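Report on the following structure.
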Amino acid sequence: MNARYANPARHGVLPIVSRRFIPVWRRNLLVWRKLMVPSILGNFGEPLLYLIVLGYGFGRLVGDIGDLPYMVFLASGIICSSAMFTASFEALYSAYTRMTVQQTWGAMLDAPLLVDDIVLGEVSWAATKALMGATAMLVVASLLGLVADWKAVLALPVMLLAGFCFAACAMVITAVSRSYDFFLYYFTLVMTPMLLLSGVFFPLEELPELVAAAAHLLPLVHVVAVVRPLMIGESLPALWPAHLLLVTVYATAAFTLATALLRRRLAG
Amino acid sequence: MAAPEEAIREAVDEDGTLDSTPPAIVCARGLRKRYGGLEVVRGVDLDVRPGECFGLLGPNGAGKTTVLRMLLGLTPPTGGTLTVLDEPIPVRAREARERIGVVPQADNLDPDFTVRENLAIYARYFARQPADPDRRIDDLLRFSSLDGRADAPIQALSGGMKRRLSLARALINGPELVVLDEPSTGLDPQARQYIWQRLLALLGQGCTLILTTHYMEEAERLCDRLAIIDNGRIIACDTPSNLVARHIEPHVFELRGGDAERWHRQGVGLAARSEYVGDTLLLYAVEPDALGDALYRESGLRYWQRPANLEDVFLRLTGRDLRD
């Protein structure tokens, strides 16, 4: 916490973590408050639409998965994937806009903030946004009777961690991107495969064994593995700490890499 | 506050070189910056004294902005030592920036907020908050004549208003040093005059200013001392009047086109120095009478007589080739 004497030149590759990220986070919160309605529609309305339409449409075809109605199965998956998309969009498009077009970061760096504060502020803001979307979805899902019991609220801290992880990964892409077009690679090559192979829409066991094993490299798999039991009222898998640890490792590694890359880009 | 500053300015006026009595606000020795194989700052020594307005002049790509970025700790020097407000840079750049205001070259006001919100949000980026932030913002809005626009969105502001808001934002932390990168570029004459007035007011309050500019008039009017920088080196550093006195003859006569051709031989004979720029003949003289009388007697010749200015010095020292 003592960033007063933290010296970027001597600190090495590790990010300097200080409370000075809070004004960056707060700035984004204040903007969000102004644009709340379209933002909520995008981050919460759209996944809800997917849930209801896919759940209803496919649900009739698929029937139950195990003892679960398809809609219940899907709800716990979509809450995870929407957290991934919310956090990623924020750390890609919005952060890139603030870095380049608006030069918001430039103004922050002229004040006594460091690149490290900005990265931490942006990533935690994106995680916060993911959490807000997940909370809203959880409320609606419970109103629709798609949530087993109160223990589902334990999914929310996991959503915050997941949001941080996906935002940090996206921030790595933002750090090396020279235009908005570059993000399409990330969507096509990383996010879409992750969405399809992480057990959001169907159980991983349906995949060929090798593919299912490889899918365990994807952080979303581990998020779903913890969130789904919490939402449908099953007991957690014995390995739940390992799942969360893996997400944390991804989050930390991506955050460190993004900070290093952005330091080089903005303060080289 | 006023008395010692006057003393400093007088001392500077007499002699552009530094005596070491007042501690420097900025002290750079052998400052270097290399990007890959290209060294853009190649050994810069700088001393900026408290309360003065110090100008950095140079053609595009001379290294001005890089020097400013290093002063602010935004990019580490590859060589040399640097102290700003007694803080070693870049090691304690965060602490130094706590006491510095910055007006960037291109406005980067926050488009998602109103005028007042821009100031309030920016204030939060500092560790030290004003005792009464609302009052501080009111004062700054008045200082920059934006008090009627407090709730306007940024998009509704003219270029001049944006610049004034950038200046107000740079003052939110009550800085001892304000760094301005081309503060009046792109402004109309009214807006520019207004910015100059505000900068002079800041100097009157004891604030130290460092600015870069392309406008010689701006440099001549505002700066107590200035450094002309080219190819990453300081090639001259002095008061504006000393620079003109030292590097250029005080009187300039200009002739164009056919007139220049017709009078070339005679003019060059009478002038202390002469040069052609395109089809314009520039004749420089220490004493204006000989040239002036001869030109006056020549009927039908169009010429323009003017005192030498900083632009002449600048062009003499940095050459007339275009820099892109």
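The values are calculated or read from the model by the stated rules, or taken from the named source; none is laboratory data. All values derive from a computational prediction rather than experimental measurement. All Cβ positions, even for glycine, are placed from backbone atoms using ideal geometry, and neighbour counts span all protein chains on display. We work out accessible area using only protein heavy atoms, side chains counted, and drop any ligands, DNA or RNA first. Shrake-Rupley method; radii C 1.70, N 1.55, O 1.52, S 1.80 Å.
Can you list residue pairs whose Cβ atoms sit under 7 Å apart, with the first residue in segment B:310-324 being more than 12 Å from B:I235 (Cβ to Cβ) and the second being of a type in the set (S, T, N, Q) and surrounded by fewer than 17 Cβ atoms within 10 Å (Cβ to Cβ)? Count only pairs 6 or more apart in sequence or on different chains. From residues that are more than 12 Å from B:I235 (Cβ to Cβ), the pairs are B:R323/B:N60; B:D324/B:N60.
Would you check if B:N173 is open to solvent by less than 70 Å² (accessible area, probe 1.4 Å), assigned to a helix (DSSP H, G or I) and either within 23 Å of A:V24 (Cβ to Cβ) or not assigned by TED's automatic domain parsing to the domain that holds B:V67 (or both)? Spell out how you get there, then give the answer.
On the way: open to solvent by less than 70 Å² (accessible area, probe 1.4 Å): yes; assigned to a helix (DSSP H, G or I): no; either within 23 Å of A:V24 (Cβ to Cβ) or not assigned by TED's automatic domain parsing to the domain that holds B:V67 (or both): yes.
Criteria not met by B:N173.
Taking the listed residues B:E275, B:E287, the one that is closer than 30 Å to B:L222 by Cα, of a type outside the set (A, V, I, L, M) and assigned to a strand (DSSP E or B) is B:E275, with no other qualifying.
From B:D107, B:D86, B:D139, B:D112, grab the single residue that is open to solvent by 10 Å² or more (accessible area, probe 1.4 Å), acidic (D, E), away from every other protein chain (no Cβ under 11 Å) and free of Cβ contacts under 8 Å to residues at least 60 places away in the same chain.
Details: B:D107 fails: away from every other protein chain (no Cβ under 11 Å); B:D86 fails: free of Cβ contacts under 8 Å to residues at least 60 places away in the same chain; B:D112 fails: away from every other protein chain (no Cβ under 11 Å).
Only one candidate qualifies: B:D139.
Scanning segment B:142-159 for residues that are under 13 Å from B:R198 (Cβ atoms) and in contact with a Lys or Arg (Cβ under 8 Å, 6 or more places away or on another chain), which turns out most open to solvent (accessible area, probe 1.4 Å)? Explain how you work it out, then say what you get.
The initial filter retains those residues of segment B:142-159 that are under 13 Å from B:R198 (Cβ atoms), namely B:142-146.
After this cut, where a residue has to be in contact with a Lys or Arg (Cβ under 8 Å, 6 or more places away or on another chain) as well, the list is B:143-146.
Details: B:F143: 34, B:S144: 3, B:S145: 55, B:L146: 1 Å².
Ranking the qualifying residues of segment B:142-159, first place goes to B:S145.
Could you tell me how many of the residues in segment A:4-43 are hydroxyl-bearing (S, T, Y) and at pLDDT below 85? Give the steps one after another, and end with the answer.
Here is the first cut: in segment A:4-43, the residues hydroxyl-bearing (S, T, Y) are A:5, A:18, A:39.
This time we only want the ones that are at pLDDT below 85, so: A:5, A:39.
Summing the residues that are hydroxyl-bearing (S, T, Y) and at pLDDT below 85 in segment A:4-43 gives 2.
The condition of being out of contact with any Cys (no Cβ under 9 Å at 6 or more places or on another chain), modelled with pLDDT of 95 or more and assigned to a loop (DSSP other than H, G, I, E, B) holds for only one of B:G30, B:G73, B:G80, B:G51, that being B:G73. Taking segment A:156-238 and the helices (runs of 4 or more DSSP H) fully enclosed by it, the elements with 3 or more residues that are within 23 Å of A:M71 (Cα to Cα) are at A:192-196, A:219-232. Of all the criteria given as (1) in a helix (DSSP H, G or I); (2) within 12 Å of another protein chain (Cβ to nearest Cβ), the one not satisfied by B:D134 is (2).
If you go through segment B:282-324, how many residues are under 20 Å from B:H247 (Cβ atoms) and either open to solvent by less than 70 Å² (accessible area, probe 1.4 Å) or of a type outside the set (V, I, T) (or both)?
Narrowing segment B:282-324 to residues under 20 Å from B:H247 (Cβ atoms): B:282-288, B:291, B:305-321, B:323.
From what's left, either open to solvent by less than 70 Å² (accessible area, probe 1.4 Å) or of a type outside the set (V, I, T) (or both): B:282-285, B:287-288, B:291, B:305-321, B:323.
Going through segment B:282-324 one residue at a time, the tally reaches 25.
With respect to (1) open to solvent by less than 40 Å² (accessible area, probe 1.4 Å); (2) of a type in the set (G, A, S); (3) out of contact with any strand residue (DSSP E or B) (no Cβ under 6 Å at 6 or more places or on another chain); (4) modelled with pLDDT of 95 or more, the lone exception for B:A96 is condition (3). Going by the conditions given, is B:I228 touching a Phe, Trp or Tyr at 6+ places or on another chain (Cβ under 8 Å) and at pLDDT below 95? Yes.
Suppose the filter is in a helix (DSSP H, G or I), open to solvent by 30 Å² or more (accessible area, probe 1.4 Å) and out of contact with any Cys (no Cβ under 7 Å at 6 or more places or on another chain); does A:T97 pass it?
Working: in a helix (DSSP H, G or I): yes; open to solvent by 30 Å² or more (accessible area, probe 1.4 Å): yes; out of contact with any Cys (no Cβ under 7 Å at 6 or more places or on another chain): yes.
Considered against the rule, which asks whether it is in a helix (DSSP H, G or I), open to solvent by 30 Å² or more (accessible area, probe 1.4 Å) and out of contact with any Cys (no Cβ under 7 Å at 6 or more places or on another chain), A:T97 comes out as yes.
Residues satisfying the criterion are present in segment B:253-271 (criterion: part of a loop (DSSP other than H, G, I, E, B) and either at pLDDT below 90 or closer than 30 Å to B:C27 by Cβ (or both)).
B:T75 satisfies every condition listed in (1) more than 9 Å from every other protein chain (Cβ to nearest Cβ); (2) touching a strand residue (DSSP E or B) at 6+ places or on another chain (Cβ under 9 Å); (3) open to solvent by less than 10 Å² (accessible area, probe 1.4 Å) except (1).
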